[in-house]
Amino acid sequence: MKNIVLFGFMGTGKSLIARKLRDILGLEVIDMDTLIQQREGKSISKIFAENGEPYFREIEKKTAIELAEQQGVIISTGGGVVLNEENIKNLSKNGVCVCLQAEPETIFERVKPETHRPLLQTDNPLETIKNILNKRKINYLKVPYKIVTDNKTPEQICEEILNIYNKI
Ligand code: S3P
């Protein structure tokens with residue numbers, strides 16, 4: 001049984017949609033960032049601050065290789081997993097890979113109250129979102145399936161994902 005693997009920029013709703021899909025399908029959810037935090041024994045912010053981003057990207061890569069072996073689970077990835085194309089290839093081996101997309105303004109509204117993302121702790125988070133999105137646009141396009149999430153309910157987004165999943 002194939003996995004459903006959710007990609008997308010921070011704040012595009014990966015974790016929420018993963019939980020909704022779990023409720024619909026009764027499949028287990030594996031959240032990559034949660035797994036990494038449990039294994040490292042510290043938050044993502046602490047990993048970035050104490051070990052640096054390259055260290056985090058290395059663990060992300062190893063985790064993607066490991067999770068590619070799973071069957072019939074929902075995997076919610078971190079927003080930067082697409083930076084290494086190998087991660088997309090590995091997770092595609094047994095997974096239907098879907099990228100959730102959203103406009104910078106939508107993302108900003110969603111992440112505004114939160115403080116756990118080190119890359120968005122800047123003076124002007126909206127500008128930061130636009131800059132990072134622009135740099136990563138090409139990476140997100142490499143995920144086989146894309147879904148625009150602006151102005152859609154979680155139910156509508158799940159339906160679109162299931163339409164793709166059920167065809168494969
Ligand atoms: C990151 C996204 C975060 C987390 C880390 C880096 C990124 O995950 O992995 O803060 O580079 O986009 P979410 O997309 O779940 O916020």
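The values are calculated or read from the model by the stated rules, or taken from the named source; none is laboratory data. All values reported here derive from a predicted model rather than from experimental measurement. Note that each Cβ is placed from the backbone with ideal geometry, even for glycine, and that neighbours are counted across all protein chains shown. For the accessible areas, the whole protein counts, side chains as well, though only heavy atoms, and no ligand, DNA or RNA atoms are used. Shrake-Rupley method; radii C 1.70, N 1.55, O 1.52, S 1.80 Å.
If I take every Cα pair under 8 Å that is 6 or more residues apart in the chain, average their sequence separation and divide by the length, what percent do I get for the relative contact order?
For the chain, the relative contact order is 34 percent.
For the chain, what does -39500 (n - 2.57) per DSSP helix run (n ≥ 4), summed and divided by total residues, give at 222 nm, in deg cm²/dmol to the nearest 500?
After summing the helix terms and dividing by residue count, I get -16500 deg cm²/dmol.
Work out the P(r) tail for segment 3-167: percent of alpha carbon pairs separated by more than 22 Å, whole number.
In whole percent, the long-distance tail amounts to 40.
Quick one: if you stick a label point 7 Å off each Cα along the C-beta vector at M1 and K167, how many nm between them?
2.2 nm
Between D150 and E66, what is 0.36 nm times their sequence separation minus the Cα-Cα distance? Round to one decimal in nm.
So the extension gain works out to 27.1 nm.
Please arrange D23, D31 by accessible surface area, largest first, computed with a 1.4 Å probe and ligands excluded.
Result, largest first: D23, D31.
What spacing in nm lies between the two simple spin-label points modelled at D23 and R136, each 7 Å away from Cα in the Cβ direction?
2.6 nm
Name the shape class, rounded, prolate or oblate, that the alpha-carbon gyration tensor gives for segment 1-90, where a ≥ b ≥ c are the square roots of its eigenvalues, rounded holds for a/c under 1.5, and otherwise prolate holds if a/b is larger than b/c and oblate otherwise.
prolate
In Å², and per residue, what accessible area does the chain have when probed at 1.4 Å with the other protein chains present? Intermediate values should be presented prior to the final figure.
Details: 8690 Å² over 168 residues.
Using a 1.4 Å probe on heavy atoms only, each residue of the chain averages 52 Å².
Counting only protein heavy atoms, what percent of the accessible surface of the chain is carbon or sulfur at a 1.4 Å probe?
On the way: 4360 of 8690 Å².
Ligands and nucleic acids excluded, carbon and sulfur reach 50 percent.
Given a 1.4 Å probe and the protein chains all in place, what does the accessible area of F108 round to, in Å² to the nearest 10?
50 Å²
Let me see the P(r) profile for segment 10-59: every Cα-Cα distance counted, bins of 5 Å, each bin given as a percent of all pairs.
4, 19, 22, 19, 17, 11, 6, 1
For R57, what accessible area in Å² do you get when you roll a 1.4 Å probe over the heavy atoms of the protein chains, rounding to the nearest 10?
That residue has around 50 Å² of solvent-accessible surface.
Could you report the accessible area of K142 in Å², rounded to 10, computed with a 1.4 Å probe on the protein chains as they sit in the structure?
Here the residue's solvent-accessible area equals roughly 90 Å².
Sort E50, E40 from largest to smallest accessible area, using a 1.4 Å probe on the heavy atoms of the protein chains.
Descending order: E50, E40.
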